[in-house]
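The values are calculated or read from the model by the stated rules, or taken from the named source; none is laboratory data. Since the structure is predicted, the reported quantities are computational estimates derived from the model, not experimental observations. Here the Cβ positions follow ideal geometry from the backbone for every residue, glycine too, while neighbour counts run over all protein chains shown.
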Amino acid sequence: MRIIKKYFILIIIISILIVSLLFSFIYIKSRSQNFKIDTDIYKYTDENNDNNTIDSNSSKNVVPTKLTTGISISSDLLNSDLTENEKLYILNNNKYNLEDRISLYLGTDKEDFGFIYYDLNSDKYIKFNENDTFIAASTYKVSLNLLAYEKVKQNKDLLNIFINYKDKYYEEGTGILQDLDNIPPMKVQDLLDLSIINSDNIATNMVGDYLGGHDKVREQVWDIFNIPLSSLDNITTPESELKILKHIYDNKDDSNYAHLIKVLQSTDTHTRIDKYIPKEIVAHKIGSSNDYIHDIGIITCENPYILIVYTKGLDDAEEKIGQVSKAVYNYQINFRDPN
């Protein structure tokens with residue numbers, strides 16, 4: 001009986017040891033697997049963090065929203081027969097909605113007035129007729145400059161290349177090269193500057209031809225911004241020009257685009273957007289072709305904004321552009337909603 005009891009106790013002890021060893025083995029294996037799983041989790045988390053950084057940056061792309069300001073103007077007042085002075089008084093009265101004020105001032109001219117105001121800090125806007133097609137005239141020269149500066153990213157020597165003048169480049173109209181008896185070989189950079197500052201047609205033709213021709217220039221610019229316009233005619237829309245000007249502003253820390261903004265601030269015509277506001281803060285380019293009168297620009301005040309105006313067949317179009325620009329500027333510096 002004692003022997004049986006002795007073996008029974010021994011069996012119990014051995015069983016406990018076996019169970020303990022088995023438990024330890026399972027525990028260690030489990031920990032090992034957990035460690036591997038945890039390591040994979042951290043690896044996955046790190047990969048996700050990289051993606052999250054991209055997503056986080058993407059989330060900073062604020063969706064633009066329409067600007068609403070002040071008291072709406074009643075339809076009766078909008079359609080009433082007011083004098084020019086009465087229209088100007090309401091246009092500059094900031095208690096009323098800005099878009100309504102512009103509409104009242106323009107009256108039926110609004111139909112031929114392509115307009116965009118875009119606040120670059122708040123991403124709020126006012127737009128009408130923004131997808132209407134207009135002859136671009138010399139506002140095209142901004143696209144030409146943009147394409148040249150984009151190509152510098154692949155060819156850093158582009159701006160220092162000399163282009164020889166050819167008779168086919170001659171074009172009367174705006175610019176200073178047309179007055180020279182002999183046009184010397186000129187650097188691409190100098191020609192670009194002349195195309196903006198003096199709206200020089202010959203300089204524009206020289207650079208345009210070097211980049212493949214004006215049709216090819218437009219085609220490449222439209223491709224960059226995914227703009228569904230024909231490149232065979234010198235046409236554009238206010239919405240297309242917004243993409244171009246916003247790209248210039250968004251890349252203002254790039255030395256070439258910073259230079260372009262300074263050059264746009266040095267244009268020699270001040271009868272439209274900057275007719276009634278400080279000229280030194282307006283980086284703009286006008287365009288004129290028969291009854292098409294335009295001005296597009298970045299206004300570099302404390303709260304910068306883009307203003308784009310394309311018109312067709314308006315009487316005294318420059319004055320109308322100037323007055324609307326003045327109203328927008330006064331709103332921007334005095335009553336702008338920071339949100």
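Out of the residues in the range 208-238 that are of a type in the set (D, E, K, R) and part of a helix (DSSP H, G or I), state the one that is surrounded by the most Cβ atoms within 10 Å (Cβ to Cβ).
218
Here is a check on your reading of the model: is residue 134 over 21 Å from residue 83 (Cβ atoms) and crowded, with 21+ Cβ neighbours inside 10 Å?
Yes, satisfied.
Suppose we filter the range 149-167 for residues that are under 30 Å from residue 249 (Cβ atoms), of a type in the set (S, T, N, Q) and in a loop (DSSP other than H, G, I, E, B); how many remain?
Final tally of qualifying residues: 2.
Please note which helices (runs of 4 or more DSSP H) are completely contained in the range 63-136 and include at least 3 residues that are outside the structural domain of residue 327 (by TED's automatic domain parsing) and closer than 25 Å to residue 304 by Cα.
none
May I ask you to verify whether residue 170 is in the same structural domain as residue 220 (by TED's automatic domain parsing) and over 20 Å from residue 255 (Cβ atoms)?
So residue 170 fits the description; yes.
Find the residue count for the range 319-333, including only residues that are over 21 Å from the mean Cα position of the chain (by Cα), without any contact (Cβ under 8 Å) to a residue 60 or more places away in the chain and buried (at least 19 other Cβ atoms within 10 Å of the Cβ).
2
Which of the residues spanning the range 312-336 are modelled with pLDDT under 95 and β-branched (Val, Ile, Thr)?
Across the range 312-336, the qualifying residue is only 333.
Just one of 147, 191, 180, 159 is crowded, with 17+ Cβ neighbours inside 10 Å, out of contact with any His (no Cβ under 8 Å at 6 or more places or on another chain), assigned by TED's automatic domain parsing to the domain that holds residue 110 and farther than 30 Å from residue 112 by Cα; which is it?
Of 147, 191, 180, 159, the one residue that is crowded, with 17+ Cβ neighbours inside 10 Å, out of contact with any His (no Cβ under 8 Å at 6 or more places or on another chain), assigned by TED's automatic domain parsing to the domain that holds residue 110 and farther than 30 Å from residue 112 by Cα is 191.
Which members of the range 313-339 meet the condition of being over 17 Å from residue 66 (Cα atoms) and of a type in the set (Ser, Thr, Tyr)?
325, 329
Within the range 289-298, is even one residue surrounded by fewer than 22 Cβ atoms within 10 Å (Cβ to Cβ) and over 21 Å from residue 201 (Cα atoms)?
No, because not a single residue in the range 289-298 is surrounded by fewer than 22 Cβ atoms within 10 Å (Cβ to Cβ) and over 21 Å from residue 201 (Cα atoms).
So residue 259 passes all but one of these: (1) without any contact (Cβ under 8 Å) to a residue 40 or more places away in the chain; (2) surrounded by 17 or more Cβ atoms within 10 Å (Cβ to Cβ). Which condition number does it fail?
Against the list (1) without any contact (Cβ under 8 Å) to a residue 40 or more places away in the chain; (2) surrounded by 17 or more Cβ atoms within 10 Å (Cβ to Cβ), residue 259 comes up short only on (2).
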